[in-house]
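Heads up, the thing below is written out as structure tokens.
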Amino acid sequence: MNNFKKRTFITGNCDSPIDLKLLNIPEPTPYVVENYGSYNFFFTHGWDPNLEDSISLAKKYKCQYLIHGHTHISKYEKHDDLIIINPGSVSIPKENTPHSILIIDMLKNNIDFKFINIINGKIYNHIYY
């Protein structure tokens, strides 16, 4: 993780303080708001604040995208003008969703979201804005 240029760390409900110290990373927070060009993202685990509170906070900070985890269920949905995305889970996916990651490519005028099944390496959901 320390080799990536741009990294965002969010605290999850199973993160222990000792593990975080051993990883030698900045202290994670419950959520982060980041700007990428004209796009505002709200990143959270989804446990604390919960998803309902995260939606309110994302709208307060004028975010277009909310990325969260916690449920281990990959999904994409719209909530008013907010796009809500859960990349799923690498290790313990739920409700028959694949072991997955989300890759976000920030293009000149668009954003490309790719849900990747890490078992077979295939894209199983692709959203392009």
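The values are calculated or read from the model by the stated rules, or taken from the named source; none is laboratory data. Keep in mind the model is a prediction, meaning the values are calculated, not measured. All Cβ positions, even for glycine, are placed from backbone atoms using ideal geometry, and neighbour counts span all protein chains on display. Surface accessibility is based on the protein's heavy atoms, side chains included, excluding ligands, DNA and RNA. Shrake-Rupley method; radii C 1.70, N 1.55, O 1.52, S 1.80 Å.
Quick notes
- Looking at the chain alone, DSSP beta bridges between its own residues are antiparallel in about 75 percent of cases.
- Across region 29-94, the relative contact order, built from alpha-carbon pairs under 8 Å that are at least six residues apart, equals 25 percent.
- Here the accessible area of the chain is 53 percent carbon and sulfur, with a 1.4 angstrom probe and all protein chains present.
- The relative contact order of the chain, computed from alpha carbon pairs under 8 Å that lie at least 6 residues apart in sequence, is 13 percent.
- Judged by the gyration tensor of its Cα atoms, with axes a ≥ b ≥ c, region 49-103 is prolate; a/c meets the 1.5 cut and a/b is the larger of a/b and b/c.
- The trypsin sites (Lys or Arg not before Pro) of region 90-129 that DSSP puts in a loop, and whose beta carbon has at most 16 other beta carbons within 10 Å, are Lys94, Lys108, Lys122.
- Label of the coordinate-derived value, Cα Rg over 2.2 N^0.38 Å, listed as (i) 0.95; (ii) 1.05; (iii) 1.29: (ii)
- Fluctuation leader among His68, His99, His79 - the chain, Gaussian network, Cα springs under 10 angstrom: His79
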